[in-house]
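Below: one structure, written as structure tokens.
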Amino acid sequence: MVYRKDFVIVCKELYEKYGNLTRVVEEFKSITGERVSDNTIKRWLKVYLKQGFSSWYNKYKLMGNYSWEDARNWKELYEQYGSYKSVELLIKQNSDITGPHEITIRDYVYKYITQVLEQNYDEWIKNSNINLGNTRYNINDFLYWKNLYETVGSLREVRNQLRIETNENPPDAMTIRNGLRNILGNNYDNWLKEYAKKSIDDEEIDRCKELFEEKGTYDAVRRKTGHDTKVLRKHFKKNLGNAYDNWYDKHSKHHLRKYDENEVLEWVSLFEEFGSFPSVSSEIMDTYGKKPLHL
């Protein structure tokens, strides 16, 4: 195949990503539709890089099943969670149950730090641990909360289960939600839709509707029944149709609602997350259907 500079640049970027010429051959074909041998790619790179080829080639050379991209991702996860065991657990819980052992992860990160970034590994470890700070909860807690949520389907029930298991005051709902977002990232919303309690039978909906008409707030119904507020509101809207707004205005006692300490603490957490009262109000509006008075 004829030497083309644009093809060579693609090969260079692929090698710096994977560190393996065999993998470069596979990826090059998937990108360009052209199949060339590893020896041809190596020859192209020698022509392109000239005297700098040897040092560049050895710098990115990598043996094994994983890539420099994997190593970079694991480095960032270590900086976030503070241990290779946590990185291993996170990978096996969310992406690959047969994923790498913590020792493999450590070895790849070490090579990435020292070989590619050309930094001092011990200094990086020291700085990473300083940046972590002191937090009460860690990735093992987050993963446990995730497993609980997938079983019980609501933050309230997760908190109740934690209270039963520890006989202590559990983390507030916002802390649990932030922990779940931490480990799930962009997958959080889809995961939540999959595992949140969605169905309540008609008899139970009628009971919840009567409770709302008696108590006047979604939170009061949630406390009594344990059903998630968003799920309740969705069922009420489906059940009542166009009459929902009038029904809600007639029976809502939102303006008389008393706020307990846990709710106030949740608002504090929301403010720390979003940084403004309008954002806090919007988040609470999304959860409860009405914003707190004067917030």
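The values are calculated or read from the model by the stated rules, or taken from the named source; none is laboratory data. Bear in mind the structure is a predicted one, so any value in this text is a computation, not a measurement. Here Cβ is always computed from backbone atoms with ideal geometry, including for glycine, and neighbour counts include all displayed protein chains.
Just one residue in the set Tyr108, Tyr57, Tyr48, Tyr66 is outside any helix (DSSP H, G or I), over 17 Å from the mean Cα position of the chain (by Cα) and over 30 Å from Ala196 (Cα atoms); that residue is Tyr66.
With the condition kept exactly as written, say whether any residue in the range 119-128 is under 30 Å from Leu21 (Cβ atoms), free of Cβ contacts under 8 Å to residues at least 40 places away in the same chain, surrounded by 14 or more Cβ atoms within 10 Å (Cβ to Cβ) and not hydrophobic (A, V, I, L, M, F, W, C).
The first filter runs over the range 119-128 and keeps only residues under 30 Å from Leu21 (Cβ atoms), leaving 119-121, 124.
With free of Cβ contacts under 8 Å to residues at least 40 places away in the same chain added as a condition, the list becomes 119-121, 124.
If we keep only those that are surrounded by 14 or more Cβ atoms within 10 Å (Cβ to Cβ) as well, we get 121, 124.
Among the residues that remain, those that are also not hydrophobic (A, V, I, L, M, F, W, C) are: 121.
Looking through the range 119-128, at least one residue is under 30 Å from Leu21 (Cβ atoms), free of Cβ contacts under 8 Å to residues at least 40 places away in the same chain, surrounded by 14 or more Cβ atoms within 10 Å (Cβ to Cβ) and not hydrophobic (A, V, I, L, M, F, W, C).
Screening Arg35 on (1) assigned by TED's automatic domain parsing to the domain that holds Glu118; (2) assigned to a loop (DSSP other than H, G, I, E, B) shows it passes everything except condition (1).
Filter the range 129-185 for residues that are among the small types (Gly, Ala, Ser) and either surrounded by fewer than 14 Cβ atoms within 10 Å (Cβ to Cβ) or farther than 20 Å from Ser86 by Cα (or both); which is modelled with the lowest pLDDT? Please lay out each step first, then the result.
We begin by selecting, within the range 129-185, every residue among the small types (Gly, Ala, Ser); these are 133, 153-154, 173, 179, 185.
From what is left, the residues that are either surrounded by fewer than 14 Cβ atoms within 10 Å (Cβ to Cβ) or farther than 20 Å from Ser86 by Cα (or both) are 133, 153-154, 173, 185.
Numbers: Gly133: 53, Gly153: 78, Ser154: 78, Ala173: 76, Gly185: 74.
Applying the filter and picking the extreme gives Gly133.
In the range 71-84, the count of residues that are in contact (Cβ under 8 Å) with a residue 40 or more places away in the chain, small (Gly, Ala, Ser) and on the phi > 0 side of the Ramachandran plot is one or more.
Given the criteria part of a helix (DSSP H, G or I), touching a helix residue (DSSP H, G or I) at 6+ places or on another chain (Cβ under 8 Å) and either assigned by TED's automatic domain parsing to the domain that holds Asn182 or within 30 Å of Tyr137 (Cβ to Cβ) (or both), does Arg72 qualify? Before you say what the answer is, go through the steps one by one.
Numbers: part of a helix (DSSP H, G or I): yes; touching a helix residue (DSSP H, G or I) at 6+ places or on another chain (Cβ under 8 Å): yes; either assigned by TED's automatic domain parsing to the domain that holds Asn182 or within 30 Å of Tyr137 (Cβ to Cβ) (or both): yes.
Considered against the rule, which asks whether it is part of a helix (DSSP H, G or I), touching a helix residue (DSSP H, G or I) at 6+ places or on another chain (Cβ under 8 Å) and either assigned by TED's automatic domain parsing to the domain that holds Asn182 or within 30 Å of Tyr137 (Cβ to Cβ) (or both), Arg72 comes out as yes.
How many residues, within the range 77-101, are crowded, with 17+ Cβ neighbours inside 10 Å and over 19 Å from Asn182 (Cα atoms)? Residues in the range 77-101 being crowded, with 17+ Cβ neighbours inside 10 Å and over 19 Å from Asn182 (Cα atoms): 2 in total.
Every condition in (1) within 30 Å of Ile103 (Cα to Cα); (2) surrounded by fewer than 15 Cβ atoms within 10 Å (Cβ to Cβ) is met by Met1 except one, and the failing one is (1).
One line per residue, one yes/no per condition, for (1) assigned to a helix (DSSP H, G or I); (2) in the same structural domain as Asn94 (by TED's automatic domain parsing); (3) small (Gly, Ala, Ser):
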| residue | (1), (2), (3) |
| --- | --- |
| Glu157 | yes, no, no |
| Leu162 | yes, no, no |
| Glu168 | no, no, no |
| Pro171 | no, no, no |
| Met174 | yes, no, no |
| Gly179 | yes, no, yes |
| Gly185 | yes, no, yes |
| Tyr188 | yes, no, no |
| Trp191 | yes, no, no |
